[in-house]
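Visitor: Attaching a single structure in structure tokens format; questions to follow.
Values quoted throughout were computed directly from the atomic coordinates according to the rules given, and no laboratory measurement underlies them. Source: prediction; values computed, not measured. Because the Cβ atoms are built from the backbone with ideal geometry, glycine has one as well, and the counts that use them run over all protein chains shown.
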Amino acid sequence: MPNEEHIPGKPNRREEPDCFQLISKEELDALSENRTHVSYLKGETLFKQGAFAPHVLFIQSGLVKVYLQFGPKKVQNLWIAKSGDFLAFSSMFGEKIYYHSALALKDAEVLMIDKKSLRNLLKTNSEFGFRITSKNYRSENHLMEIVANLSYKQMRGKLASALIYLSSEVFKHENVFSYLSRQDIADFASISVESVIKFLKEFEKEGIIALDNKQIKILESGRLSLISHTG
């Protein structure tokens, strides 16, 4: 079960995440009265698709898999949220339920922030608002890549795109593949796990990647990118 703790008293600015350094002491004090700190263990669900969405979530530490569930077995992994990312951001603008699910890939520390309080802060602090909006713009671009994968790419291209995302610069401080099963990778690429295993072996034989148990090291990023674009 997640460990929930309300954040009492006056916050220490030096301990606040970078994005909250952009707001004044008064704004930080007001926000602190309407947020709760929750600790999640690896494998715990942060929220479930279709559930009521009372909060915006801020990831202080950890990795969180965000995905869509289609029936009892079909899953489409969307992205991995990391330290500094917001989840359920759309709930501030009238969305009353979560439209996807989120699960901790490793132990995670999360701030549950009252959406009305955060919305008021966005209205009054344009620099903070711009920083947060830019984060969500990058997420939107990634979702468009997923749509492209589903629309016209063949299986090798889909897997190549997933590997490029999972090994991208944003995860340079995280060994992402150590937290992912082959099924997880299949759900990012939207292909079967059997196809993932087959094409990973092909990529290894072609010298594009190196495999070591769960670990995947990209050796030829240019060739992988070509497969992604022509796949």
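Visitor: Any idea how far apart Lys198 and Asn175 come out in nm if each label point goes 7 Å out from Cα toward Cβ?
Guide: Modelled inter-label distance: 3.1 nm.
Visitor: Using Cα pairs closer than 8 Å and at least 6 residues apart in sequence, work out the relative contact order for region 153-230, in percent.
Guide: Answer for region 153-230 is 40 percent.
Visitor: So, one more: Sticking with the crude label model, points 7 Å out along Cα→Cβ, report the distance from Leu211 to Glu127 in nm, one decimal please.
Guide: 5.0 nm
Visitor: Same structure again: So if we plug the beta-carbon distance of Lys73 and Glu26 into 1/(1 + (r/R0)^6) with R0 = 41 Å, what FRET efficiency do we get, rounded to 0.05?
Guide: 0.25
Visitor: Could you tell me which GluC sites (Glu not before Pro) in region 182-231 are loop residues by DSSP with no more than 16 other beta carbons within 10 angstrom of their beta carbon?
Guide: Hits after loop and neighbour filter: Glu206, Glu220.
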